[in-house]
Amino acid sequence: MRLRPLLVKELVWSKRNVVALVVLLVAVPAVFAGASVGFQTVIPTDMPIGVVGTDGDVTDDDLTIVEGAVTFFSDPVRYDSKSTAIDDLRRERVYAVVEVPPNVGTRSDGRLDFTLYVDGSLVPFRETSKVITNNVNARLSSALPMDVRISRTVVEPTHTLPEYLIPLLLFGVVALFAFTFVPYNLAGERTALDRIRTESSLEALVIAKLTFFTALMAVPLIVFRLATGHFGYDVAVLAPGAIAALLLSFLFMAAVAMAIMFLTRFSTSGRFVNVILLFGLFAFGGLIYPVGFFSSIRRAIARLIPLHYGMILTRSAMLKDVPLDIFSEWFAGLFGVVVLAGIGLELTIVAYRRRST
C-alpha cells in the first residue's frame, strides 16, 4: 500500500475545499461553543419584572422600595399603568408584573397585599413563577416592617408542555425548510442559469421559487392542525396572526438563504453557512426557552434577531387570547426586515450576474 500518494491527494482536495473545511472545523464549533454564553446561571438573577402601582396614590418612593427589594434576583422595569405592564407581559418583554399597593414607605403595621401577575401560556415559567413569588414575598417581608402577602395571578390560559411545544416545532420545520431545502433546490438550478437568464431573468426565478415555497408552507400548517385536533390540544394553529408570523419569517429566512447561495456562487460552502445560521438561530434566537431566564448577554443577542419576535408572535397567536394590535409594531418590523432581505437578495443577484459576464 502506497500511503503517501493518497495523503497528497487528500491535501490537494483540502486546498480546493478550504472554505468548506473552515466552516465545518472552525465556524460550526465556534457557534456551539458560543451558545454556552447563554447558560451562565441556572437560577435567573436579572429576569425583567415589571413594577406598577395599583392606583394614583402609589408614590415614587413606594415603587422604589419594591424595586430595591426585587433587584436581588431580577431587573425591575417601572410602568406608569397596569395595562401597559400587562401588555409587555404578554409580549414577553417582562416575565412577571408586581402590583404595588399605596403607603408602602409610610405604614409601620398591618398587612400589605401585593399581586404578582404571570403569563400562564409560558409553560416553562409555571413552576418557576411560584419560586419567584416566594422570593418576592421573602425580600419584601425582610425590607418592610409589616406583614406582606403576595398573591399570584395568571393572566393567560394555562397549557400543557406538548401544547407549548407545538409553535416551536412548527417554527422549527419552517426554519429547517428555509435553510436546507431552499438552498439545495436553488443550487440544483445552477446548470440552467444561463438558459434562464436568456429566456427570463434570475429575479423571475427567485420570485417564482419564493412564491411556490411559501405556498408549500400550508402543508405543515395543515399537518400540525390535524395533529393537534387528534390529540385534543388547545392550540390555534391556523390563527391568522400565527400564519402571518410564520409566512413572514419563512420569507425572511428563505431570502437570506438564497442571498448566501448567490454570494457563494451556489457552492457547498454556501449550504454549510446556511446550516450554521439554522443552528445559530436556535442557539441564540431564544426560540426554545423564554430569554428572560438566561443571561443578559443572551437576552440582548436574542432581541437583535428578527426571528426571535417571529417566534413570540407565532406562540402568542396560537396560545394566548390577546388582541393582535398589541403586536402591530412587531408585525410591521417583521415585514420591514422581509423587504430589506428582498433588497439584499436583489443586490446579490446583481453581483452574481456581473461576475458571470
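For this structure, a couple of remarks:
- Our helix-only sum for the chain, with -39,500 (n - 2.57) per DSSP H run of n ≥ 4 divided by its residues, gives a mean residue ellipticity at 222 nm of -19000 deg cm²/dmol.
- The distance linking the stretch 155-197 with the stretch 97-118 is 47 Å (Cα centroid to Cα centroid, whole angstrom).
- Ordering of 289-295, 62-68, 342-348, 187-193 by burial proxy (mean other Cβ atoms within 10 Å per residue, highest first): 289-295, 62-68, 342-348, 187-193
- The fraction of accessible area contributed by carbon and sulfur in the stretch 241-357 is 72 percent, rounded to a whole number (1.4 Å probe; ligands and nucleic acids excluded).
- Expressed in units of 2.2 N^0.38 Å, where N is the residue count, the Cα radius of gyration of the stretch 52-176 is 1.19.
- Each 10 Å bin from zero up to the one holding the largest Cα-Cα distance in the stretch 201-357 carries the following percent of pairs: 10, 32, 36, 17, 4, 0.
- Only Lys, Arg (+1) and Asp, Glu (-1) charged, at Cβ; the chain dipole about Cα centre in debye: 2500 debye
- The stretch 66-105: translational diffusion in µm²/s, Stokes-Einstein, Kirkwood Rh over Cα pairs, 4 °C, 1.567 mPa s: 118 µm²/s
- Bridgeable aspartates and glutamates around residue 209 (alpha carbons under 18 Å apart, same-chain partners fewer than 8 residues away excluded): 189, 194, 199, 346.
- Translational diffusion coefficient (Stokes-Einstein; Kirkwood radius from C-alpha pairs) of the stretch 210-284 at 4 °C, 1.567 mPa s, in µm²/s: 91 µm²/s
- Charge sum, other residues only, whose C-beta stays under 15 Å from residue 325's C-beta, Lys/Arg counted +1 and Asp/Glu -1: -1
- Sequence-distant aspartates and glutamates (8 or more away, or on other chains) whose Cα lies within less than 17 Å of residue 320: 87, 88, 92, 119, 156, 163, 234
- D_trans [Stokes-Einstein, Kirkwood Rh over alpha-carbon pairs] for the chain, 4 °C, 1.567 mPa s, µm² s⁻¹: 56 µm²/s
- If R0 equals 45 Å, the separation of the Cβ atoms of residue 201 and residue 300 corresponds to a calculated FRET efficiency of about 0.65.
- The DSSP beta bridges internal to the chain are antiparallel in roughly 15% of cases.
- Probe 1.4 Å, protein heavy atoms only - accessible area per residue of the chain in square angstrom: 48 Å²
- The stretch 134-179: C-alpha gyration tensor shape, a/c 1.5 cut-off, then a/b vs b/c: prolate
- Rounded to whole Å, sorted largest first: equivalent-ellipsoid semi-axes of the stretch 253-304, Cα gyration tensor: 28, 9, 8
- Among 125, 222, 191 - extreme Cα towards positive end, dipole of the stretch 74-222, charges at beta-carbon: 125
- Equivalent-ellipsoid semi-axes of the stretch 111-246, from the Cα gyration tensor, Å, largest first: 51, 18, 11
The values are calculated or read from the model by the stated rules, or taken from the named source; none is laboratory data. All of these numbers come straight from a predicted model, not from anything done at the bench. Glycine also receives a Cβ, built like all others from the backbone with ideal geometry; neighbour counts cover every protein chain displayed. Please note that ligands, DNA and RNA were not included when accessible areas were found on the heavy atoms of the full protein model with its side chains. Shrake-Rupley method; radii C 1.70, N 1.55, O 1.52, S 1.80 Å.
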